[in-house]
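Read the structure below first, then the notes.
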Amino acid sequence: MTTSRDHTVTKRPASDTVGRGTASPSSWGFGDGQAIPWEYAPAPESREIVKLQSRYGLFVGGKEVAPRGGQWFTTLDPATEEPLAEVARAGVEDVDNAVGVARRAFRRSWGELPGRERAKYLFRIARILQERSREFAVLETLDTGKPIKESRDVDIPLVAAHFWYYAGWADKLDYAFPGRSARPLGVAAQVIPWNFPLLMLAWKIAPALAAGNTVVLKPASSTPLSALLFADVCRQADLPPGVVNIVTGPGEIGLALVKHPDVDKVAFTGSTSVGKQIGRAIAGSGKALTLELGGKAANIVFDDAPLDQAIEGIVNGIFFNQGEVCCAGSRLLVQESIAEPLVEKLKDRLATLRVGDPLDKNTDVGAINNAAQLAKIEELIEAGVAEGAELYQPACELPARGYWVRPTLFTNVAQSHRIAQEEVFGPVLSVLTFRTPDEAIEKANNTPYGLSAGVWTEKGSRILKMVKELRAGVVWANTFNRFDPTSPFGGYKESGFGREGGLHGLLAYVRLEDR
Ligand code: NDP
């Protein structure tokens, strides 16, 4: 069947919903199922640049060491479910050892090193990261499932930028906080998630080191490899042994690390439930704490917004990194008068997104990071349908193996629906409407979270009003998901507390004393 534009019309069966290996038409959908009559040729990035070890030990005291319990676990490529490598499963003894090593490095070298010397190491790390950026991008894509164009153009450049930025502060702490003297806290325990593994490492390690702290970092179990490659960068930069230590292992190891009595500062990024558990576990210990947790951001489009630009912002807001982003614009609030044309345009745009091999340079939406996350996303999509929202997914073929979800759009969403309330952490957008700015503010703030928001309008005064009234740590105006090392990031309410990035990010790693 053809249209006047010679586009094949493909109708999706009603049962064709989500998930791995679901049958679907073989061509890309376009709007209501019309297919683009041509395909992109495969453009795979070579994985040759990454030399995977079959096994990775812990990184403690500048050396790779075997876990004392002799246990290992496997990390998978989520796009193929093939094993990538075995990784050490640390035990409590390994954590204790790593914290002790970090403490000694703090006392004997790093804590007393002049800022200008610390800066040299950080600059060196930044330069090596840039030199090895392709290797890091490919490895990050293999381990996370994110598209190579994102790891190459967003994650890794931002990682290097964080090290450059905080390297610049290391010898200027006396000017950073006027009239006060900034002293390091000591040993920082840092636990990071799987959605931006190397970037979260940079957000945590760069300010900690610039301020003179030493660190023990635990990466997520499904994405430990870029942190372990970073260990190699530390060696290459001749960083004094023990300044950076990396322990891999399950969540309980993360808990043992943050509870360790010789830790002075805890920084965590991840789920709200684990954040609360950590908060309870260290309450009363006197440890400094920053928590960067979940979100349910509203992306608010007013009727005077440039629609095509807004469409790109909406797509970037929710489909960047498969929507596995704490600040993802997962609730689209559209002014009622433009809801219909906007949703039509959005459907057309969704149909052009290419889902598949994360190493292909044309891929827009990669694999979901792990099976548990896939199950969670599928469950919430099913809940959306069951609660009466209207599902739209463009026709697109999903690989037979790996963890995949089609870009998903829900219309007719009510505030009470789970998909409007809970963090999906996947490529799922819920569309709600509003009539007045006050209604938009009320709906946007009607969430337990408060991490980010977006506003699309041509009126500067309206932007200022919205920014003032939205209860979110970051508000983007006529853009979304923009990150910069100089700009603080963090949330309110169940999105956590404390800020990372900028001077605020440095403040989280120092004790201010009177001069
Ligand atoms: P978690 O919060 O469980 O994991 C984040 C990190 O914390 C990982 O390194 C994890 O280790 C570790 N961890 C797990 N349990 C504990 C604990 N009790 N004490 C200390 N550290 C712990 O996130 P999940 O991976 O389970 O994802 C679940 C949900 O969390 C997602 O669906 C999403 O909604 C949200 N999330 C939010 C993120 C954000 O950036 N705000 C990032 C990731 C997830 P291990 O990997 O070994 O379990």
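Would you check the accessible area of Ser487, probe 1.4 Å, heavy atoms only, in square angstrom rounded to 10?
Using a 1.4 Å probe on the heavy atoms, I get roughly 60 Å².
What residue among Ala206, Ala383, Val154 has its Cα farthest toward the positive end of the dipole of the chain, where the charges are +1 on Lys, Arg and -1 on Asp, Glu, each on the Cβ?
Most positive-ward Cα: Ala206.
Would you mind pulling out the separation of the Cα centroids of the stretch 321-386 and the stretch 228-264, in Å?
So the separation of the two Cα centres works out to 34 Å.
Mind pulling the angle between the C-alpha long axis of helix 460-469 and the longest principal axis of the chain? Nearest 10 degrees, somewhere in 0 to 90.
The answer is roughly 60 degrees.
Select from Trp72, Gly61, Gly145 the residue farthest towards the positive end of the dipole of the stretch 51-157; place +1 on Cβ of Lys and Arg, -1 on Cβ of Asp and Glu, and compute about the Cα centre.
Farthest towards the positive pole: Gly61.
On the full set of protein chains, 1.4 Å probe, figure out the accessible area of Glu382 and give it in Å² to the nearest 10.
120
In whole Å, how far is the Cα centre of the stretch 175-204 from that of the stretch 112-137?
The stretch 175-204 and the stretch 112-137 have Cα centres separated by 15 Å.
How many nm separate the modelled label positions at Gln236 and Glu442, each set 7 Å beyond the Cα in the direction of the Cβ?
Spacing of the two 7 Å Cα→Cβ label points: 5.6 nm.
Can you put Arg354, Arg349 in order of accessible area, largest first, using a 1.4 Å probe? Spell out each step's value before the answer.
Working: Arg354 40, Arg349 65 Å².
Of Arg354, Arg349, the descending order of accessible area is Arg349, Arg354.
I need to check one value: relative contact order of the stretch 420-515, counting alpha carbon pairs closer than 8 Å and at least 6 residues apart, in percent. Mind showing how you got there, number by number?
On the way: 107 pairs, mean separation 21.5, N = 96.
With pairs under 8 Å counted, the relative contact order is 22 percent.
Working from Cα positions, state the angle (0 to 90°, nearest 10) between the long axis of helix 156-170 and the longest principal axis of the chain.
On a 0 to 90 degree scale, this one is about 40.
Per the helix-only calculation at 222 nm, which mean residue ellipticity applies to the chain, given -39500 (n - 2.57) for every DSSP H run of n ≥ 4 and division by its residues, nearest 500 deg cm²/dmol?
Working: 16 runs with 181 residues, N = 515.
After summing the helix terms and dividing by residue count, I get -10500 deg cm²/dmol.
Please give the length that would be gained between Arg107 and Lys459 if that part of the chain were fully extended, namely 0.36 nm times their separation in residues minus their C-alpha to C-alpha distance (nm, one decimal).
Numbers: separation 352, 0.36 × 352 = 126.72 nm, distance 5.42 nm.
Stretched out fully, the Arg107 to Lys459 stretch lengthens by 121.3 nm.
Of all alpha-carbon pairs in the chain, indicate the percentage at a distance above 38 angstrom. Before the final figure, lay out each step's value.
Details: 35541 of 132355 pairs.
Across the chain, Cα pairs with separations above 38 Å total 27 percent.
Near Lys345, which lysines are there with a Cα under 26 Å away, not counting those fewer than 8 places off in the same chain?
List returned: Lys11, Lys146, Lys149, Lys296, Lys361, Lys443, Lys459.
How large is the charge dipole for the stretch 312-456, taken about the Cα centre, if only the Cβ atoms of Lys, Arg (+1) and Asp, Glu (-1) carry charge, to the nearest 20 debye? Walk me through the intermediate numbers first.
Values: 12 positive and 20 negative charges, 48 e Å.
Dipole size: approximately 240 debye.
Please label the shape of the stretch 86-214 as rounded, prolate or oblate, based on the square roots a ≥ b ≥ c of the eigenvalues of the alpha-carbon gyration tensor (a/c under 1.5 means rounded; beyond that, a/b larger than b/c means prolate, else oblate). Intermediate values should be presented prior to the final figure.
Working: a/c = 2.33, a/b = 1.30, b/c = 1.80.
Taking the square roots of the gyration eigenvalues as a ≥ b ≥ c, the stretch 86-214 is oblate.
How far is helix 225-236 tilted, in degrees, relative to the longest principal axis of the Cα atoms in the chain, given as a value from 0 to 90 rounded to the nearest 10?
Approximately 40 degrees, to the nearest ten.
Could you tell me the relative contact order of the stretch 163-251? Use alpha-carbon pairs under 8 Å, at least six residues apart, and round to a whole percent.
On the way: 115 pairs, mean separation 25.6, N = 89.
This gives 29 percent for the stretch 163-251.
Relative contact order for the chain: what percent, with Cα pairs under 8 Å and sequence separation of 6 or more?
Working: 1214 pairs, mean separation 101.3, N = 515.
Reported relative contact order: 20 percent.
To the nearest 20 debye, what charge dipole does the chain have about its Cα centre, counting +1 at the Cβ of each Lys and Arg and -1 at the Cβ of each Asp and Glu? Don't skip to the end; give the middle numbers.
Numbers: 58 positive and 61 negative charges, 382 e Å.
My answer is approximately 1840 debye.
At 1.4 Å probe size, with the rest of the protein present, what percent of the exposed accessible area of the chain is carbon and sulfur atoms?
Working: 9960 of 19670 Å².
Carbon and sulfur: 51 percent of the exposed surface of the chain.
Per residue, how much accessible surface does the chain expose to a 1.4 Å probe? Answer in Å², no decimals.
On the way: 19670 Å² over 515 residues.
Spelled out: the 1.4 Å probe surface of the chain, per residue, equals 38 Å².
The values are calculated or read from the model by the stated rules, or taken from the named source; none is laboratory data. Here the structure is a predicted model, which is why all the values come from computation and not from measurement. A quick note on method: Cβ atoms are made from the backbone with ideal geometry, for glycine too, and the neighbour counts reach across all protein chains shown. When the accessible area is computed, the model is the full protein with side chains, heavy atoms only, and any ligands, DNA or RNA have been set aside. Shrake-Rupley method; radii C 1.70, N 1.55, O 1.52, S 1.80 Å.
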